[in-house]
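Asker: To start, I am sharing the structure in question, which I have written as structure tokens.
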Amino acid sequence: MWIYKKIRRSISLKLVLVITALSLVSLSIFSGMAYVAAYQVLLSAKENEGKAIATTLAFAIESILSNHDVLEQETYDLLRRMIKNVAKERGVYNVTVLDRGGQQLMQSHPFEPALPVTDRRLITVLEQGRLLVDTEVSSRRMAFFIPLRGGSYYNYKLEKDISALLYFYLDLTDVFNTLKTTTLMRTFIVSVHVLIIALALFALLYRLVLRPTQVLVRQAERLGAGDLSARSGMSCADAEGDEIQRLAYTFDQMAHQIEQGYIKLKQTAEELRASEERLSRIVETIADGITILDRNGRHIFANAAAERILGLPRSTITRRTYNDPAWEVTTPEGNPLSEEDRVFVRVLRTGKPVFGMEQILRRPDGTQILLSRNAAPLCDATGAMVGVVVSLTDVTERRKLEEERLKTQKLESIGVLAGGIAHDFNNILTAILVNISLAKMYTDPEGELFRRLAEAEKASLRARSLTQQLLTFSRGGVPIKKLTSISELIKDSTHFALRGSNVRCEFSISDDLWPVEVDEGQMSQVLHNLILNAQQAMPEGGTIRIRAENKIVDAVEKPGSPLQTGPYVQVSIADEGVGIPEEHLPKIFDPYFTTKQTGSGLGLATTYSILKKHGGYIGVGSKVGVGTTFYIYLPVSQKRISAKAEPARVDSEIHPCARRGRVLVMDDEEGIREATGEMLRYMGYEVGYARDGAEAIDLYKKARELGQPFNVVIMDLTIPGGMGGKDAIKRLMELDPEIKAIVSSGYSSDPVLAMYEQYGFSEAMAKPYKVEDLKQVLEKLIG
């Protein structure tokens, strides 16, 4: 079997066998033909020899028989000796003479059996009367049968009648020996020639066919084993050679194409691998979750963001189907999902992408997030859908920011209104408050009129507080910040707000609170609003717990707010009141939203706006029947609080006095100019009036030229249709670099009031102001 397999796998052995077989067949045919030809030649020669012997014997015997009527013993002996001599010398044996009746007359070898009379050959010779030659190959002899004519032996007197028969055998052993020797010699010679031809043919075939074929086989095996550098080395340059060379050329071209294709494939595979790695890194690092579902709705892939967003490991995600009951998913309204609400079903049914489908997911840790899902069909190379790819975006923070932006837009819309009326409203309040103060000066403090004026003043001050709240919403308002110890502000504001109530307060304030920069008035308003809310939530009394501590807000700990990471002072105000229903929590900072029968709905909106302008944040947590906690975050200042100097005592009582200096009042409102001037004259100042900045500059210049300069200039910041205080102070400082000017404006949130010194003013007063405020500022500047 192994020989068969070896022959089957080797064309060389096959060619050797074919050439050998052809050589043997050719040799056999040639040897056979040579044998037959030699056999015929030798046999013909032997036959001719036998015929010659037969003719000679026949003639001799016929002569003897024709001369003797009776065959005498002497004649018989002579004839027998002659026959024996012929047989002995010429290779003839068993010479026998028969009469016509088949009777044996003589025989050279008496022990050889005589032929029977019925022998076919004897009968043929008697009938035809001519020589008959019969070759007995098996006996290696040739038999000759000759009719004998003439003579009178046994009274057969007729001339030419057959009187007897002669037959003898001619030994063919020498013929066959000669034939064998000749054949062997010729076969050997022919075999040598055939072998030489076969070897030459094999050598030629080996050189022209086998060896190139073996080279091609070896190189093909190398190529098949992955060695793409395999080449035959036999190809011609232009593919115009013989078949083997063209085959080698084709093989080399094929190997070159395979090598180039492999290089390109390797490059493509490397690029694909790099692309897959990039895609994998992108998929694993993007903030959006990516999941892939097969056509049966089972998750087969989830990236790291999907783990984070869904709050589950990948192994759990990939065991679930899209409609697994373990998913706690609802619509944004809180309703259970229908099949049409599922992105997988929509994509599977329509074959089209789905964008922005929002759902609420409750994660295993109990937290709820708002998900935005996008989905698209996943198709194979034929375009058949094999699955669905889904992107998950946690839009909880984005929705909160949108809500924050919506609140800001609402606040800005109010700010447009507030900014539009604040100036005129504060101017009116200024005139009212100044005139009330003047009226009180001329009234008996114990009288009914004084009491009525005091009530009117309180109402005006409450109106001023409401105006300040409205101005908080004014677009572009900047708090007048100062470095402050927030702990003192917390305690003062709390005690003031809870004065006379049945609610007590517990403080837990760290001794090492970081300093903050705030507008004390606005921050006091924030604390006042929150304390009042807590007090009103406990009509039967209770305890408010206020806690203040340092807090580092990092990326992980951000409380779902737009806060930047960094250090903050956190103030929490917790009550034991009725709590806020969950559906109301997102709206409590909206302007005009309130659940109270009385109230403007501006308290928390004002608080929100103030904290936002301070770079801080306010959050809330509440549970119905348990209570509410507000969290305030204020950014820490890098400045340090210096030791406070004891403030100089200022007499708040206003009495008529002698002349103390000259004051120039610039205001476009005649009522404010008149009321302020009357108050200043009552305090002992000489007063000048100007309607706008240009008139104020002219008066100030003339007063200096007359040697009666103004000690202080009170300037309204905004003059409709004229030069305001901001532009006028620049011109006045050119005239008098040492000028003392007070800026005043109904826009109490104007940045000039917050940074008045940078604009050249000495002091700032927000309208409406009281007489006491004006007196303190003037005494500070003039003394």
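Please treat every number below as a calculation from the coordinates, not as lab data. On a predicted model such as this, the values are computed, not experimentally measured, just so you know. Positions of Cβ are generated from backbone atoms using ideal geometry, with glycine treated the same way; all protein chains shown enter the neighbour counts.
Asker: What's log10 of I(q)/I(0) for region 486-635 at q = 0.09, 0.19, 0.21 Å⁻¹, Debye sum over Cα points only, no solvent?
Answerer: Those come out to -0.26, -1.27, -1.55, one per q.
Asker: Apply 1/(1 + (r/R0)^6) to the Cβ-Cβ distance of GLN128 and VAL36, taking R0 = 25 Å, and write down the FRET efficiency to the nearest 0.05.
Answerer: 0.30
Asker: Listed here are the pairs LYS730/LYS780; LYS440/LYS767; LYS623/LYS767; LYS482/LYS702; which of them are more than 31 Å apart at the Cα?
Answerer: The answer is LYS623/LYS767; LYS482/LYS702.
Asker: Within region 371-400, find all residues whose amide N lies under 12 Å from a label point positioned 7 Å from the Cα of LEU279 along Cα-to-beta-carbon.
Answerer: 379-381
Asker: Hey, got the dipole for region 286-394? About the Cα centre, +1 on K and R Cβ, -1 on D and E Cβ, debye to the nearest 20?
Answerer: That gives a dipole near 260 debye.
Asker: Ok, one more. For region 478-556, take every pair of Cα atoms, bin their distances at 5 Å starting from 0, and report each bin as a whole percent.
Answerer: Per 5 Å bin, starting at zero, the Cα-Cα P(r) for region 478-556 comes out as 3, 14, 23, 22, 17, 12, 7, 2, 0 percent.
Asker: Taking 7 Å along the Cα-to-C-beta vector as the label spot, tell me the ASP512-ASP736 distance in nanometres, rounded to one decimal.
Answerer: Placing both labels 7 Å beyond Cα along the Cβ direction yields 5.2 nm.
Asker: Charges only on Cβ, +1 for Lys and Arg, -1 for Asp and Glu: so what's the dipole of region 486-635 about the Cα centre, in debye to the nearest 20?
Answerer: The dipole of region 486-635 has a size of about 320 debye.
Asker: Can you give the Kirkwood hydrodynamic radius for region 661-781, in Å, rounded to one decimal and based on Cα pairs?
Answerer: After inverting the mean inverse Cα-Cα distance, the result is 14.1 Å.
Asker: Using 0.36 nm per residue of separation minus the Cα-Cα distance, give me the extension gain between HIS193 and SER229 in nm, one decimal.
Answerer: Residue separation times 0.36 nm, minus the Cα-Cα distance, leaves 8.5 nm.
Asker: Let me know the whole percent of all Cα-Cα pairs from region 332-393 that are separated by more than 16 Å.
Answerer: 50
Asker: Return the distance in nm (one decimal) between the two label points of a simple spin-label model at ASP698 and ARG186, each offset 7 Å from Cα along Cα→Cβ.
Answerer: Between ASP698 and ARG186, the label points sit 15.9 nm apart.
Asker: When Rg is the radius of gyration of the Cα atoms in region 286-394 and Rh is its Kirkwood radius, what does Rg/Rh come to?
Answerer: Details: Rg = 13.1 Å, Rh = 13.9 Å.
That ratio equals 0.94.
Asker: Using alpha carbons only, how many angstrom separate the centre of region 175-232 from the centre of region 684-711?
Answerer: Distance between centres, Cα-based: 134 Å.
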